[in-house]
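Every number in this text was worked out from the coordinates using simple rules, so none of it is lab data. These numbers come from a predicted model, not from an experiment. When we count neighbours, we look across all protein chains shown, and the Cβ atoms used for this are built from the backbone with ideal geometry, even at glycine.
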Amino acid sequence: MLNATLLLAAIGPRSQEWSPTVAIVMSVCTVLGILAAGVAKKAGPMVGSFSAAQIIGGASFGQLIGVGATLGLTRLGII
């Protein structure tokens, strides 16, 4: 099983190298994730108008969206 996983990792497509464009995509997606978390129920200590849980959850969600956006834009040849 481990050999098959290593083989798939070796022949899989390479991801986009880090660049300012990737940083901008990731930053925008992180901000959108935090804003999307603003509609969630507020729980825990407040930091401004957001709770700490909303900021952490939104940032994590935004990072996941950013990775998908970066890979998708790279696949389409936009980045």
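Some values worked out for this structure:
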{"read-out": "Residues (of a type in the set (D, E, K, R) and touching a strand residue (DSSP E or B) at 6+ places or on another chain (Cβ under 8 Å)) located in region 17-57", "value": "K42"}
{"read-out": "Those residues of region 68-79 which are without any contact (Cβ under 8 Å) to a residue 12 or more places away in the chain and either among the basic types (K, R) or surrounded by 15 or more Cβ atoms within 10 Å (Cβ to Cβ) (or both), in sequence order", "value": "R75"}
{"read-out": "Test: residue in region 50-72 that is closer than 17 Å to T21 by Cα and hydroxyl-bearing (S, T, Y)", "value": "yes"}
{"read-out": "Residues (outside any helix (DSSP H, G or I) and surrounded by fewer than 13 Cβ atoms within 10 Å (Cβ to Cβ)) located in region 20-41", "value": "V39, K41"}
{"read-out": "Residue tally, condition within 15 Å of T30 (Cα to Cα) and either of a type in the set (S, T, N, Q) or touching a residue at least 40 places away in the same chain (Cβ under 8 Å) (or both), over region 42-66", "value": "4"}
